[in-house]
Amino acid sequence: MFSTINKMEQQQSGSPSPRSPSSQPYLSVSVTDPVKLGNGVQAYISYRVITKSNLPEYQGHEKIVIRRYSDFVWLRDRLFDKFKGVFIPPLPEKSAVEKFRFSAEFIEMRRQGLDIFVNRIASHQELQQSEDLRTFLQADEETMERLRSQETGIFKKKPADFMQIFKDVQSKVSDVVLGKEKPVEESNPEYEKLKHYIFELENHLAEAQKHAYRLVKRHREMGQSLSDFGKAAKLLGACEGEILGKAFSDLGNKSEALSIKLQKEAHQLLMNFEEPLKDYVRAVQSIKATITERANAFRHQCELAETMKLKEINLDKLMLTRSDKVGEAEHEYKELKAESEEATGRFETIVRLMNEEIVRFQEQKTLDMGIAFHEFAKGQARLANSIADAWRSLLPKLEACSS
């Protein structure tokens, strides 16, 4: 998946060569060596996470720790809770089909996805400063297990994916439609345009990914069919005379060779085309989670502002009647005002960060999608030429048999 994208992520994170001058700050992370541990339903995959850095907050120039998928989930949850307004990179998905959980292809896809996930965090201007990232990259396994067991973030819900976030939102929408609740939403044309863009982008990416999956499947089926045909052609050749038998045998060998090429191309198509598209579907769902957080922050700000107005009216009444409750009311009003200002500050921070994040996201998407579609076209051209050359080389022998 993302072999080209992965290199790009590491370049952005300032990953040094072994000869890089130590005066240049760098943070490089690699997720390697997946190993299956345990049996049955308790089985899981562990990974070696290798961190190289000369930053003072990291322990030494190289640190190696063992992590499992749930540790990466812990990191994602912590970042989502603490960095409101930032688009948290998505995690690769868990296999819903038990028999594929430990297949070599799925394990490698997940390893590469986890590598990209953690490098996106390490190269992000805000996220790379996270104390939770440093803990994830440096803490021993016992510490991580203890931290993980304490975590009760929103992503612990089942199923553990971004779409779960929107169930509560859908319920709210239903209440609004039925007239049970008055919606509190931003009236910002630019923000409405952004939301429309994100929802449309998710639909189009999901549709493209669906057809990319079908292309992978078609390549694999074609490869299997050629393999079966090649075996049949060679058996047929064994029953014929020397000239025709040799032609059939060559036809069978070419078919089997092309079968291998098609299977390899199907794998490349999966890793360099379908998976990047699927990764961006998950990235858009992460953006939608941030949109939900922005809506919550705006609603909370509005609710506090409304409560402040009521408190102010009540305080004015008490002052007019010279009530002995004026002091207590003033204290409550000041506390509420401070809370309201803090909520306004949080909302404004989310808006500012989202504006910065969407620019970064669009620039990165343009680059990543350009790479993915270029790799797709290049692979298809290479495959078409190989197929044409293979069949063309057989034509003289087959023509000799037919004349």
From phi via Karplus (6.51, -1.76, 1.60), per-residue ³J(HN,Hα) for region 76-91 in Hz, x at Gly/Pro: 4, 4, 4, 5, 5, 5, 9, 10, 5, x, 8, 7, 6, x, x, 8
Let me understand region 52-96 better: what is its radius of gyration from the alpha carbons, and its Dmax, in angstrom? 13.7, 41
Please work out how much accessible surface Ser70 shows to a 1.4 Å probe, ignoring ligands, DNA and RNA, in Å² rounded to 10. 30
Can you tell me what percent of all Cα-Cα pairs in region 312-403 are more than 21 Å apart? 71
Pairs on different chains or at least eight residues apart, Cα atoms closer than 26 Å: how many lysine pairs in region 275-326 fit? 5
Rolling a 1.4 angstrom probe over the protein chains, ignoring ligands and nucleic acids, what is the accessible area of Arg110 in square angstrom, nearest 10? 30
Here the Cα Rg-to-2.2 N^0.38 Å ratio for region 263-382 is 1.92
Using the structure shown, list the pairs from Lys52/Lys217; Lys36/Lys231; Lys82/Lys365; Lys52/Lys261 with a Cα-Cα distance above 30 Å, or answer none. Lys52/Lys217; Lys36/Lys231; Lys52/Lys261
Setting aside same-chain residues fewer than 8 positions from Lys337, which aspartates and glutamates have a Cα under 16 Å from its Cα? Glu303, Glu306, Glu312, Asp316, Glu328
Centroid-to-centroid separation of region 226-301 and region 348-402 [C-alpha atoms, Å]: 13
If I stretch the segment between Ala377 and Val35 completely, what's the gain in nm (0.36 nm per residue apart, minus their alpha carbon distance), one decimal? 119.7 nm
Inter-label distance, nm, simple model (7 Å from Cα along the C-beta direction), Glu312/Ala43: 6.5
Enter the accessible area per residue of region 280-403 (Å², integer; probe 1.4 Å; all protein chains in place). 60
So for Arg76, Arg360, what's the accessible-area order with a 1.4 Å probe, most first? Arg360, Arg76
Once you have the Kirkwood Rh of region 209-305 from its Cα pairs, apply Stokes-Einstein at 20 °C and 1.002 mPa s and quote D in µm²/s. 126
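The values are calculated or read from the model by the stated rules, or taken from the named source; none is laboratory data. Since we're looking at a predicted model, the values are computed, not measured. Virtual Cβ from ideal backbone geometry, glycine too; neighbours counted across all protein chains shown. The accessibility values were calculated without ligands, DNA or RNA, using every heavy atom of the protein model including side chains. Shrake-Rupley method; radii C 1.70, N 1.55, O 1.52, S 1.80 Å.
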